[in-house]
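> Below you will find the structure I want to go over with you.
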Amino acid sequence: MMNRYVNELITTLESTEIWYRGEQCKSYDEGIGLLVDTFTKHKEYNSQLFFIGNGGSSAIASHMTADYMKNGGMNTYSLYDNAVTTCMGNDYGYEYIFSRPLDFLAREGDLIVAISSSGNSQNIINAIETACVKRASIITFTGFEADNKVKQMGEINVYVPCIKYGIVESIHNLILQQIVDVIMERDGVKF
């Protein structure tokens, strides 16, 4: 039974799609190279990076906020302060917990990384729409159905063709970790 789960994880990882401006990358390596280059560009420009997600995806977003700052040397900003999150939810509604802070904080050229297993969370969709108005770049990580809304909204879209949260979230985490590890190995870590 354990091998079956690991085999499903590996098979799903091998069938994960990375899209750039509506065109699917020819291989996983090409897609990872595109992602590394994109994050590197934002590192060089000292853009702010915002990682957002709900539930397990919020844990990934919070983890990557720390790793991309400490290990990747990037200008990350967390939208997960309890007071800010509950204030936004209380005053504007849960569907605006990311878009309202981005309306205040995001600037042209920043990078929003939206992580959503279903790809249909309204607060993620609203955040992406705000990021578009602000002229920020958008990378999405989704799963479940291929026609999910969020998958259609980024410049780069990583899609995991699976309906199991654990597998989708594990692959999102693995790919994001791979990117920052490549950047860290290339650039070193400043302590």
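> Assess whether Met88 counts as being more than 16 Å from Leu174 (Cα to Cα) and in contact with a His (Cβ under 8 Å, 6 or more places away or on another chain). Lay out the reasoning, then the answer.
On the way: more than 16 Å from Leu174 (Cα to Cα): yes; in contact with a His (Cβ under 8 Å, 6 or more places away or on another chain): no.
Spelling it out, it is not the case that Met88 is more than 16 Å from Leu174 (Cα to Cα) and in contact with a His (Cβ under 8 Å, 6 or more places away or on another chain).
> For the range 140-152, which residues satisfy the criterion of being part of a loop (DSSP other than H, G, I, E, B) and surrounded by fewer than 23 Cβ atoms within 10 Å (Cβ to Cβ)? First the steps, then the outcome.
Initially, the range 140-152 is screened for residues part of a loop (DSSP other than H, G, I, E, B), giving 143-149.
Matches in the range 140-152: Phe144, Glu145, Ala146, Asp147, Asn148, Lys149.
> On to the next question. Going through the range 67-83 one residue at a time, which ones are free of Cβ contacts under 8 Å to residues at least 12 places away in the same chain and under 20 Å from Gly55 (Cα atoms)? Give the derivation first.
First, pick out the residues of the range 67-83 that are free of Cβ contacts under 8 Å to residues at least 12 places away in the same chain: 69, 81-83.
Across the range 67-83, the qualifying residues are Asp81, Asn82, Ala83.
> Based on what the data block shows, is Thr11 without any contact (Cβ under 8 Å) to a residue 24 or more places away in the chain, part of a helix (DSSP H, G or I), hydroxyl-bearing (Ser, Thr, Tyr) and within 22 Å of Ser170 (Cα to Cα)? Show your work before the answer.
On the way: without any contact (Cβ under 8 Å) to a residue 24 or more places away in the chain: yes; part of a helix (DSSP H, G or I): yes; hydroxyl-bearing (Ser, Thr, Tyr): yes; within 22 Å of Ser170 (Cα to Cα): yes.
Considered against the rule, which asks whether it is without any contact (Cβ under 8 Å) to a residue 24 or more places away in the chain, part of a helix (DSSP H, G or I), hydroxyl-bearing (Ser, Thr, Tyr) and within 22 Å of Ser170 (Cα to Cα), Thr11 comes out as yes.
> Is it the case, given these coordinates, that His63 is touching a residue at least 60 places away in the same chain (Cβ under 8 Å) and buried (at least 16 other Cβ atoms within 10 Å of the Cβ)? Outline the logic, then answer.
Details: touching a residue at least 60 places away in the same chain (Cβ under 8 Å): yes; buried (at least 16 other Cβ atoms within 10 Å of the Cβ): no.
Considered against the rule, which asks whether it is touching a residue at least 60 places away in the same chain (Cβ under 8 Å) and buried (at least 16 other Cβ atoms within 10 Å of the Cβ), His63 comes out as no.
> Conditions: (1) touching a Phe, Trp or Tyr at 6+ places or on another chain (Cβ under 7 Å); (2) not in a helix (DSSP H, G or I). Leu34 meets all but one. Number of the miss?
Every condition holds for Leu34 apart from (2).
> Now a separate question. Any idea which of (1) touching a residue at least 60 places away in the same chain (Cβ under 8 Å); (2) β-branched (Val, Ile, Thr); (3) under 22 Å from Ala59 (Cβ atoms) is the one Val150 doesn't satisfy?
(1)
> Suppose we keep only residues that are in a loop (DSSP other than H, G, I, E, B) and closer than 27 Å to Ala136 by Cα within the range 153-174. Which one would you say is farthest from the chain's Cα centre (by Cα)?
At the first step, the residues of the range 153-174 found to be in a loop (DSSP other than H, G, I, E, B) are 153-155, 160-164.
Retained after the next criterion (residues that are closer than 27 Å to Ala136 by Cα): 153-155, 160-161.
Working: Met153: 12, Gly154: 10, Glu155: 12, Val160: 13, Pro161: 16 Å.
The residue in question is Pro161.
Read the figures in this text as sums done on the coordinates, not as results from a lab. In this text the structure is predicted, and so the values were computed from the model without any measurement. As a convention, Cβ positions derive from the backbone with ideal geometry for all residues, glycine included, and neighbour counts pool all protein chains shown.
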